C-alpha cells in the first residue's frame, strides 16, 4: 500500500488515541491542570513550558509522556487552547521545533 498524507494523519490520530486510552484518569487530569496553569501564566507557551510547570509542582510522571499531546489536542477541540502558526526550539528535545499555543 502506498502511503499518503491522509494515511499518515490517520495513523497519527490512532496512535494519539491509543496513548490516551492507555492513560489513567489521574495522569490526564494532572496534565490538563498543568496546561491550564501554564496557559494562564504565559501569553504563549509550548509543551516544554507545561513540563516545566509539572517539574515546579514536583509531580512525577505517572504515565506515558505522550499523553500530553492528547490533552493538548482535546483542549484545542474544546476551544480552550489555540494552536498558533509558530514553532519554538524545544529545550528538552535537542532544539527540535515544537508548536506554540495560547489560551483561546
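Could you give the angle, 0 to 90 degrees to the nearest 10, between helix 5-22's Cα long axis and the longest principal axis of the Cα atoms of the chain?
Once rounded, the angle reads 50 degrees.
Can you report the principal axis dimensions of the range 5-103 using only the alpha carbons, biggest first, rounded to whole angstrom?
38, 31, 30
Quick check on the exposure proxy: order 19, 35 from fewest to most C-beta atoms within 10 angstrom.
Neighbour counts put them in this order, fewest first: 19, 35.
Between the range 1-25 and the range 28-104, how many Å separate their Cα centres?
19
Taking only DSSP H segments of four or more residues, each worth -39500 (n - 2.57), what value at 222 nm results for the chain once the sum is divided by all its residues, to the nearest 500 deg cm²/dmol?
-17500 deg cm²/dmol
Helix 67-78: angle to the longest alpha-carbon principal axis of the chain, degrees 0 to 90, nearest 10?
90
Which whole-number percent is the relative contact order of the chain (Cα, under 8 Å, 6+ apart)?
29
Using a 10 Å cut-off around each Cβ, can you sort 100, 71 from fewest to most neighbouring Cβ atoms?
100, 71
Relative to the longest principal axis of the chain, what angle (0 to 90°, nearest 10) does the C-alpha long axis of helix 25-41 take?
Relative to the chain, helix 25-41 is tipped by roughly 70 degrees.
Every number here is computed from the coordinates shown, using simple stated rules; none is lab data. As the structure is a prediction and not an experimental result, all values here were calculated from the model. Reconstructed Cβ throughout: ideal geometry from the backbone, glycine too, with neighbour counts over all protein chains shown.
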